[in-house]
1. Looking only at the stretch A:70-83, decide whether some residue is outside any loop (DSSP other than H, G, I, E, B), in contact (Cβ under 8 Å) with a residue 24 or more places away in the chain and under 26 Å from A:Pro338 (Cβ atoms).
2. Test of understanding: among B:Arg136, B:Arg93, which residue is basic (Lys, Arg) and modelled with pLDDT of 90 or more?
3. Which one is farthest from the other protein chains (Cβ to nearest Cβ) among residues in the stretch B:161-187 that are under 15 Å from B:Ser121 (Cβ atoms) and not in a helix (DSSP H, G or I)?
4. Quick one: A:Ala549 ticks every box in (1) within 14 Å of another protein chain (Cβ to nearest Cβ); (2) more than 19 Å from A:Ala255 (Cβ to Cβ) except a single one, so which number is it?
5. So which residues in the stretch B:252-297 are out of contact with any helix residue (DSSP H, G or I) (no Cβ under 7 Å at 6 or more places or on another chain), in a helix (DSSP H, G or I) and of a type in the set (A, V, I, L, M)?
6. For a quick check of your reading of the model, give me the residue pairs whose first member lies in the stretch B:337-357 and is within 13 Å of A:Gly244 (Cβ to Cβ), whose second is in a loop (DSSP other than H, G, I, E, B) and among the basic types (Lys, Arg), with beta-carbon atoms closer than 8 Å and at least 6 apart or on different chains.
7. Answer yes or no as to whether B:Gly192 is in contact with a helix residue (DSSP H, G or I) (Cβ under 7 Å, 6 or more places away or on another chain) and surrounded by 20 or more Cβ atoms within 10 Å (Cβ to Cβ).
Amino acid sequence: MSDEPFVSEVFGAFDESSVSKIGAEAMSVGFAASGAGTGSARSAGGRLASVLSAQLIGITGLAVVVEVHASDGVPSFTIVGQPDGACREARDRVRAALLTSGFAWPQRRLTVNLAPATMRKVGAGLDLAIAVAVLVADGQLPPDRVGGRAFLGELGLDGAVRRIPGVVSLVGDLLHDDPRVEIVVPASTVREALLLGRGVLRSAASLGGVIGCLQGLDPWPEPPDETGGALTTAPVADLTDVRGQVLGRLGLEVAAAGGHHLLLAGPPGSGKSMLASRLVSVLPDLSHAEAVEVLRVHSAAGLIVEGNRLPSRPPFRAPHHTASAVALLGGGSTAIRPGEISCAHRGVLFLDELGEFSPFVLDALRQPLEDGSICVSRAALSVTLPALPLVVAATNPCPCGWWGVPTGEVAGSPSCRCSDASRARYVRRLAGPLLDRFDVRVLVTPPDPDDLLSSGPGEASAVVAARVAAARGVARHRGVASNSGLRGDELRRWAALTVSARRLVETRLRTGSLTARGLDRVRRVARTLADLRGDDVESVLDSDTIALALELRRPVLPDTANGAAA
Amino acid sequence: MSTASSLGAPTTGDRKRLEALVEAFVSSPGLGPSRLRAVQRHSELDLGETLERLSVGDWSAFSVRRPRGEGWDQLASRFRQECTRRVTASGCRWWLAGDPGWSEVFGSDDEPPAALAYCGSLEALDQPRVAIVGTRSASSAGLAFARELGASLSAAGVAVVSGLARGIDGAAHRGTIAAGGVGRAIGVLGTGLGVVYPREHRDLQGSVAANGLLLSEYEPSRGPRPEAFPLRNRIVAQVAHVVVVVESGETGGSLLTVHEAVMRGRPILAVPNNPLVRSSAGSNALLRCVHGAPPVALPCHGTADVLAVLDVGAILRAPDDDPRVEPGEAPRKVLDALGWDERTTSWLAATLSLPLPEVAAALAALEDDGWIAHRCGRWQRRPR
């Protein structure tokens, strides 16, 4: 970011250069207010002030102009422009904050308009801008002091400026509208906002402090050190802890390398969650652009940004199975908050106990998983949020979890006592189109006691991660981020089959155990397997590779209500 | 046993009326199959005449036991109501005591049914008949065995009798039908013919009727009731020449079938299984010598054992030698490691110390040649 603070008090310059209509309007109104000047403070038309702010919709910051009109008449304070509950209550917060900060509350008729008036205003993020605009309208602050600046933050009754969610997006989009605007953000979020690496940011700890700086009495506080605090990443679980699980490990590696969604099935205690939570440890670091996307979503969702750094590791989200559709997909009636699927963007979304999620929620997951984004529509507005997670799901084969486990495979395992009906109901939720999205399906069984006790540590995450990174590098040669993005026509070029491999899939296509869509998915997974092995970019897939890809796609859940039909 | 009805040469109309009267009697509340047997035993007249008289309220001449707390008149009026409702509408056929073929099947029975509703072709009863029974919650190995046994018996020209319950019963008939052999499927229901229980056997019940024969002692609309199934088992034991128990728990209903079969002197075979498998405790017990007495059942390792016991001569032949392609070297190793257990791919790779792609290729080859089947993440060898 530039060290030179951009300070301009020339309004005309904004009119020429401003890209944003709203921004331009704000500046010209500000100019008009200054034109009204101190001399005509008590003119018949009253006094007008206008201050730029922004509010968050989804993960997008939209400029909001706070206009305050002060006129003679019975003292009152009205907010118009579709404020919601929290926003309407700004009148009480702003009044108390001004008084406790040592300013006079204007004994005049005050009307606050939040433009554009057609957009619903949500939350308390406009408090600071309203307070500043009131002071300007009352003549306690010269209008030229607020021109070219935007104000973000919630006010406490003592005048403290509090953090608001989505500062990263708000700052980013205000700067996108006008790169020269100077933005005042709550002190507790300034590090987060600085992660974007551009713009002129001012830290606001209290209303009194902000006004002092605006009046030129005090210097603006130094922005904190750009590098932020020490990075305290929670220790990520490592794959060395996983013993045995040959196929489970392979599934994990393939999922990470090819971006294939992963389904783990198996009885309780077999290590499904253990494997799933280690998926993130073998994923490559985020690129800068990806990190900014993740940062914006996390900031908008109100998640703490770790160590105030641009996230370098992919996020890992594990919503509980009681999560509602809105919690998972994003939504809300006024402000649209990103859901878990967006919070896991570019990372891992772990759905533990998949069979316990409500069928409605599972159904709703299908479309975003296909599109990589989710369009949340409400009566008033619709917002598109990024949603490109790698989904790893874990499930039992039946409500009790022990269906299909042969006697003696697991010492002391109970036999399944679920009724046929309950088992059918359980599996029916998972069946069909959602299950089809999982390219890699692995049955996880509890490890052998020999593996647990005698064998040395398993292969470490770092070793696997190196192979994954190399495979992703090969995929980028083909013009996709990972092999799961290869289209049908690209598969013909990048995933050709040898004669024996062709025979293998032909048998299955003829018997109907493999569908045309399934074939494409098998080829993608096989391509990833070959890439992991270090094959040539354009190598032909042999029958062993295809057989292994088929192996990773076998059904792992009971397919009928009655085990008799097979 | 008194065969009350000799149908002479009844006109189609008479026969239809008779069947409808039987159905009405069986379905009248307070009457039913056991009272029909009583009527048949105690009446001097033939069944048709008896029922005609009953239908107009003439009860006094018969020694039908009075149901407790209910007057004759009430009972008679219910029967009359059922008669008027059914005589025109019923689509189901009834096989009555004394009909052609009846005495070949039920002649030796001490408690024969008086009439059986049927669907399909009675010619299925001309074949040698083997019952395959077992538990409703069977292991997948048991299900596979029942399926294969049903299939190979059908191929050998033997009809397979079973109760169309979940588990072994259903698997045996699925095999019989899928084999498409000469041997027919004969299902004996504990419900009416118009009711499917369990519901997931809707398709199976239909195909048994199309392939062979469905029998039931009850009126078509009768739902499942717990007391009906042991009674159904006695018909299964009577209809079959030989009873094979594939897998039965210690207190399984299939042991009731065995009991009925012992009473009737039918040879019994049981499939020996791992003593640790709980669902096989009952069938294994049949093979045990208790206090020096010979075991109840002979061991059954496959179709040949059944055919040897059945011993019905030249129409039977054991199925041909294994038609499957002999597996290659690597697949052979995998097949041997698999044995007859269910194993995961990971287990096979770890046991054989082979790389996963090779194991996967071997498994795919074995699957294509019909040696093994995949079921929810585990592999299992298929019997011939």
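1. Going through the stretch A:70-83, the residues outside any loop (DSSP other than H, G, I, E, B) turn out to be A:70-71, A:76-80, A:83.
Restricting the remaining residues to those that are in contact (Cβ under 8 Å) with a residue 24 or more places away in the chain gives A:70-71, A:76-80, A:83.
Now drop any that are not under 26 Å from A:Pro338 (Cβ atoms), which leaves A:83.
There is at least one residue in the stretch A:70-83 that is outside any loop (DSSP other than H, G, I, E, B), in contact (Cβ under 8 Å) with a residue 24 or more places away in the chain and under 26 Å from A:Pro338 (Cβ atoms).
2. Values: B:Arg93 fails: modelled with pLDDT of 90 or more.
On inspection, the qualifying residue turns out to be B:Arg136.
3. As a first pass, look at the stretch B:161-187 and keep what is under 15 Å from B:Ser121 (Cβ atoms): B:161, B:176-177, B:182-187.
Narrowing further to those that are not in a helix (DSSP H, G or I): B:161, B:182-187.
Details: B:Val161: 18, B:Val182: 24, B:Gly183: 20, B:Arg184: 20, B:Ala185: 14, B:Ile186: 18, B:Gly187: 14 Å.
Ranking the candidates gives B:Val182 first.
4. Answer for A:Ala549: the failing condition is (2).
5. Result: B:Val262, B:Met263, B:Ala281, B:Ala285.
6. Going by the 8 Å Cβ cut-off, there are no qualifying pairs.
7. Details: in contact with a helix residue (DSSP H, G or I) (Cβ under 7 Å, 6 or more places away or on another chain): no; surrounded by 20 or more Cβ atoms within 10 Å (Cβ to Cβ): yes.
No, not satisfied.
Residue-wise test of (1) buried (at least 20 other Cβ atoms within 10 Å of the Cβ); (2) at pLDDT 70 or above; (3) touching a helix residue (DSSP H, G or I) at 6+ places or on another chain (Cβ under 9 Å).
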residue: B:Leu45; (1), (2), (3): no, yes, yes
residue: B:Leu51; (1), (2), (3): yes, yes, yes
residue: B:Pro67; (1), (2), (3): no, no, yes
residue: B:Gly71; (1), (2), (3): no, no, no
residue: B:Cys83; (1), (2), (3): yes, no, yes
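The values are calculated or read from the model by the stated rules, or taken from the named source; none is laboratory data. Remember, predicted model here, so these are calculated numbers, not experimental data. Cβ coordinates were reconstructed from backbone atoms using ideal geometry, including for glycine residues, and neighbour counts include every protein chain displayed.
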